[in-house]
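A short worksheet on the structure shown next.
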Amino acid sequence: MEILSVENLRVKLENREVLRRVNFSLKDGEKVFITGPNGAGKTTFLETLMGFVPFEGKISFKGNELKSEDDFSVLRGRMGYVFQNPDDQLFAPTVEEELAFAPLVKGLKREQVKEIVERTLKEFEIEHLREKPTYKLSGGEKRIVSVACVVTMDPEVILLDEPTTGLDRNKWEKLVEFFERTGSSLIIVTHDTKLMKRLGWKRLVMENGELRE
């Protein structure tokens, strides 16, 4: 079943056409890579899918067209976004509080939230970071925590922008294992050729604002 689709997507920023005639579809459970040169429009594409950027064209989630901010607000509870720069994402005083934020916003009970946080800490092997202030995390730690935070939302789709940048071998492996086992649909923007070779998913190329296979 198609979970996300884009038809004739166009984005203009500061009088420059950043995305042009982009068509794209993602099936439930499908995982794809988007690669391409810097400045090609990859990050803008992810931001547009989240409703952060004004656009022309059509974006649909599970057959329902997304038009208003209210539509995208609902979508953001079902589609997670891992920013290229973790500092744009992390804000809570500690890692534990960061992980608890999304489940609390969803209205889950404290006991449920505690369970989710414990499970996520264990899944990503970051229990030792539980009480550490997020601003004191290393670059690699921030990146893995930013992914873990999105996972606590239990999203149907996850968009990730250069998620393996700055990771040491162990953290890289831990993230890859998550990508392999998750049932969420994934769109990963990356230049990591090792990652693409390891997972072997469909690869799309963004160039001059156009997306092609």
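Would it be correct to say that Arg10 is over 22 Å from Met196 (Cβ atoms), in contact (Cβ under 8 Å) with a residue 24 or more places away in the chain and touching an Asp or Glu at 6+ places or on another chain (Cβ under 6 Å)?
So Arg10 fits the description; yes.
What pairs come out if I take residues in segment 93-116 that are among the hydroxyl-bearing types (Ser, Thr, Tyr) and pair them with residues that are not in a helix (DSSP H, G or I) whose C-beta lies under 7 Å away, six or more apart or interchain?
Cβ pairs passing all conditions: Thr94/Glu131; Thr94/Lys132; Thr94/Pro133.
Looking only at residues in segment 119-138 that are over 19 Å from Glu177 (Cβ atoms) and assigned to a helix (DSSP H, G or I), which one is farthest from the chain's Cα centre (by Cα)?
Among those residues, the one meeting the criterion is Lys136.
Report every pair of residues separated by at least 6 positions or lying on different chains whose Cβ atoms are under 9 Å apart, first residue within segment 195-206 and in contact (Cβ under 8 Å) with a residue 12 or more places away in the chain, second surrounded by fewer than 14 Cβ atoms within 10 Å (Cβ to Cβ) and assigned to a loop (DSSP other than H, G, I, E, B).
Qualifying pairs under 9 Å: Lys202/Glu213; Arg203/Glu213; Leu204/Glu213; Val205/Glu213; Met206/Pro37.
Might you let me know whether segment 139-160 holds any residue that is surrounded by fewer than 19 Cβ atoms within 10 Å (Cβ to Cβ), among the small types (Gly, Ala, Ser) and in a loop (DSSP other than H, G, I, E, B)?
No; the residues of segment 139-160 include none that is surrounded by fewer than 19 Cβ atoms within 10 Å (Cβ to Cβ), among the small types (Gly, Ala, Ser) and in a loop (DSSP other than H, G, I, E, B).
Pick from segment 174-194 the residues that are touching a Leu at 6+ places or on another chain (Cβ under 9 Å) and in a helix (DSSP H, G or I): which of them is surrounded by the fewest Cβ atoms within 10 Å (Cβ to Cβ)?
Glu180
Six or more apart or on different chains, Cβ under 8 Å: which pairs go from a residue in segment 129-146 that's within 14 Å of Glu97 (Cα to Cα) to one that's among the basic types (Lys, Arg)? Could you list them?
Thr134/Lys142
Taken together, the values in this text are just the output of simple stated rules run on the coordinates, not laboratory data. Source: prediction; values computed, not measured. A quick note on method: Cβ atoms are made from the backbone with ideal geometry, for glycine too, and the neighbour counts reach across all protein chains shown.
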